[in-house]
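For reference, the structure is listed below as structure tokens.
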Amino acid sequence: MPIPHPQIPYGAVYFRKSNPPREDWARDYGVAASDGLNTFRHWFMWSAIERAPGRFDWDDCDRQLDLAAENGMATVIAEFTMAAPDWLTRKLGHARMRTADGRAMASQLSPSTAVGGFGEGLGGAGPMTLNAPEVHEAVMGFLTRLAERYRGHPGLMGYDVNNEMNYQPEFDHSDPTAAAFRVWLRQKYGSLDALAEVWHRYSYADWDDIMPPRQVQPYAECLDWMTFREDNFYGHVDDKIATIRAADPQAKIISHGIAGSVTALAGHGCNDWRAAEQVEIYGYTWIAARKGNQPWRNFYAGDLVRGAARGKPFWHAERQGGPLWMQPQVLGRAKNDARVATPEDIRLWSLASFAAGARGMMNLRYRPLLDGPLFGAFGAYGMDGERTPRSEMQTQIGRWANAPAQAGLMAAKPVRGEIGLLLIPEAQRFDRLLSAEGGFTTYQDSMWGAYRGFFDLGVQADWVHCDDIDQYDVLYAPYPILIPADLAKRLAAWVAKGGKLISEACPGYFGDMGRVGVRQPHNGLAEMFGIEEHEVEFMPDIADRIALTLDGVALRGGGFLQSYRSAGATILGGFDDGRVAVTTSPHGEGRTLLIGTHISAGHFRDIEAGGEGAAAWFAACMAWAGIVPMIDTGNPAVQGRLHVDGDQRYLWLVNPTDGPQPVDVRVNGRALMPGVVHWGEDLSVAIPARDAVIMALHL
């Protein structure tokens, strides 16, 4: 009989061929099962299984599934066709991914496992291009054989497809991919004349004249190349999923990314919305040692992926459980800044992810690797597989999460946030091209700054894809410099129906394919905002000098500057030189609020440097939109989240700080009516450091 699906899939990544030692497997499974771990994910690497053409070594993989069944654990098989056999790399040299100058991607060992066949960097695409028919056929053939072998195994839960969902932007300029790009362009444009009108390349005589662009500049051909790369990548993921499902229709199809939609959608294809749409269960890798351990970061990834999952279950698929040594992400940081994970760190990271809505959790190592640059990293158990204080904390949380008493709690989901942060993929792609030469990070800083601005005021700001705007009453656009014409129309219609839109500078300054509008804002946005552009300045390198005043409060800007002339809007604030900076305007049944700088980028810059940033701006936005935090903890250091399931409500209060924090909680403006406490103590005492209180609420 198959292993029942756990209440909360909870475990670790275990088998990676070279680690852990074979002689420890049976013991480790026994310890894991007794410690409350119910799920292992394993790396089944093509390069370690098909050791010569047609010669397969399944013995180690078979043993993992059998041990799982014997110990009542579930198995997620991570298919690693990205790790291509060395013999295939030699045989199909023309199918290796290449840089613009023709250098082939090396086949090498992965830092995450001492096994060959991986590509360069941390990308999830591997050294071989699936645009080569021979590679595509070989990959799908291997996946068919894999899924047929383990179909119906009592230890199998499902398959994790294409680890961490990303690729390397400097690749792939190989001939097979260039040919696929031409097919994509032909389907989009239909004729070379139509393409010429957009690309401004007028001397293509044949489709074969087209080559992928070598430059990284804000041109239409570069935008098309970036969009093709994403379409092409996720098309191949679809092929993998279809192949596995054809061979095993019963297994779960799972994947996880790196919560990279704000930082790496444009370059690495980290489109969490698109990835989640393909599968039944989605997840994310998020390692505090690599990303930072500030309170807002403990929630950020979970909040982002919850938005991307669009109601589907999602997991914290790779959570840190141990230290990270000597890697560039930790250099210069304090020891207690996630470099040496403590039991309290593990508790905080786990509970914050659950509070954000994750309903599965995997440590990215059960025990540390013994080889390579990531030796000793991330494992909750010791180098020898023995228990540690970290693993004991992991055990406590796993047993708690899967106890019958938590069934109702874990069935509930976070409520919709008070405001949505608008994510426009086209804007990020264009900004990557626009900002490449200067190395500016305005897009990322703006998005993070807006999230943190509301987070620090106790407001749950949800990440909202531009396709989902109708689900929210209030939207905030941190860096909307490119708005496609269709989206501009939808936004105007949404506001006219009663929506409240807050936008930062240069909304839709660039239109479809990056073309500047001769009138600003264009595509109907001027009428929606009730203004016309007065002047604009693109000087992000000195944006800290942008000064403005709102309601008598001095603020500093960021990114770009755009001043306005009113065409019906009410002027609320100005730049220090007298130009108009902030306006509000009715539009139909809704309203808009516009600020002429990327104040969120300035907020992020200043607050990261230890200043107060533009907190007054975000408070003003709340007042303008009539937003009152659903959960008022009475202490800005403590984050509150409300989860619901039918008529059941649950309150999560998370203290991410290093000291105890008192609270005085109100829910939707009413005094707290607590019910059963699921975690922690009652609120008559302070919430302990790096801990939480979780309770049911009476209606």
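Please treat every number below as a calculation from the coordinates, not as lab data. Computed from a prediction, not measured in an experiment: that's the story for all the values here. Cβ placement follows ideal geometry from the backbone for every residue including glycine, while neighbour counts extend to all protein chains displayed.
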Here Rg/Rh (Cα, Kirkwood) for the stretch 118-236 equals 1.07
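Rg over Rh of the stretch 592-647, using C-alpha atoms and the Kirkwood radius, what does it come to?
In the stretch 592-647, Rg relative to Rh is 1.07.
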Gain upon complete extension [ASP664, VAL536; 0.36 nm per residue less C-alpha separation]
41.5 nm
Where nothing but the Cβ of Lys and Arg (+1) and of Asp and Glu (-1) is charged, how large is the charge dipole of the stretch 176-279 around its Cα centre, in debye to the nearest 20?
260
Check GLU535: other-chain or 5+ apart residues with amide H under 5 Å from its amide H, H built from backbone geometry?
SER563, TYR564
Just to check I understand the Karplus step: with θ = phi - 60° and J = 6.51 cos²θ - 1.76 cosθ + 1.60, what whole-Hz values come out for the stretch 241-255, glycine and proline as x?
4, 4, 5, 5, 5, 5, 7, 9, x, 8, 5, 5, 9, 10, 8
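Against the empirical 2.2 N^0.38 Å scaling, what ratio does the C-alpha Rg of the stretch 427-578 come to?
1.03
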Near the amide H of LEU423, under 5 Å away, which other amide H atoms are found, from residues 5 or more places off or on another chain, if H is placed in the peptide plane?
VAL464, HIS465, CYS466
Expressed as a rounded percentage, what relative contact order does the chain have, with Cα pairs under 8 Å and six or more residues apart?
10
Non-local amide H neighbours of GLN661 (under 5 Å, H modeled in plane, Pro and chain starts lacking H): which ones?
ILE687
P(r) for the stretch 228-322: what percent of alpha-carbon pairs falls in each 5 Å bin, starting at zero?
3, 13, 22, 23, 19, 12, 6, 2, 0
Cubic angstrom per residue, convex hull over Cα atoms of the stretch 481-568
102
The chain - share of DSSP beta bridges that are antiparallel (%, nearest 5)
55
Difference of contour (0.36 nm per residue) and Cα-Cα distance, GLN329 to GLU197
43.1 nm
Cβ-placed point charges (K, R +1; D, E -1), dipole of the chain about Cα centre in debye, nearest 20
860
Would you mind checking the radius of gyration and Dmax of the stretch 31-111 based on alpha-carbon positions, in Å?
17.0, 54
Those GluC sites (Glu not before Pro) from the stretch 311-410 that are DSSP loop and have at most 15 other Cβ neighbours within 10 Å turn out to be GLU386
Starting at the first residue of the stretch 178-189, write each ³J(HN,Hα) from the Karplus equation 6.51 cos²θ - 1.76 cosθ + 1.60 with θ = phi - 60°, in whole Hz, x for Gly and Pro.
4, 5, 5, 4, 5, 4, 4, 5, 5, 5, 6, 9
What ranking, highest mean first, results for peptides 248-254, 154-160 when packing means the other Cβ atoms within 10 Å averaged over each residue?
154-160, 248-254
Spacing of the two label points (7 Å from each Cα toward its C-beta) at ALA554 and ALA178, in nm
5.7
Diffusion coefficient, µm² s⁻¹, Stokes-Einstein with Kirkwood Rh over alpha-carbon pairs of the stretch 267-412 at 37 °C and 0.692 mPa s:
207
About the Cα centre of the stretch 376-487, what is the dipole size in debye to 20, counting +1 per Lys and Arg Cβ and -1 per Asp and Glu Cβ, all else neutral?
500
Here the equivalent ellipsoid of the stretch 628-674, derived from its Cα gyration tensor, has semi-axes (largest first, whole Å) of 20, 12, 9
The Cα extents of the stretch 1-144 along the principal axes, largest first and rounded to whole Å, are 53, 30, 27
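Can you give the Rg to Rh ratio for the stretch 252-305, taking only C-alpha atoms and Rh from Kirkwood?
0.98
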Based on the Cα coordinates of the stretch 540-699, what is the per residue volume of their convex hull in Å³?
153
How much space per residue, in cubic angstrom, does the convex hull of the C-alpha atoms of the stretch 355-457 take up?
185
From the Cα centre of the stretch 268-329 to that of the stretch 471-550, the distance in Å is 29
HN-Hα J in Hz across the stretch 515-532 - Karplus 6.51, -1.76, 1.60, θ = phi - 60°, x for Gly and Pro:
7, 6, x, 6, 10, 10, x, 10, 6, x, 6, 4, 5, 5, 8, x, 9, 10
How much of the pair distance distribution for the stretch 86-143 lies past 19 Å, counting alpha-carbon pairs only, in percent?
27
Among GLY613, GLY590, GLY640, whose Cα lies farthest out toward the positive end of the dipole of the stretch 495-646, if unit charges sit on the beta carbon of Lys, Arg (+1) and Asp, Glu (-1)?
GLY590
Give the peptides 402-412, 457-467, 435-445 in descending order of average Cβ contacts within 10 Å, highest first.
457-467, 435-445, 402-412
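Per residue of the chain, what 222 nm ellipticity follows from adding -39500 (n - 2.57) for every DSSP H run with n ≥ 4, rounded to the nearest 500?
-9500 deg cm²/dmol
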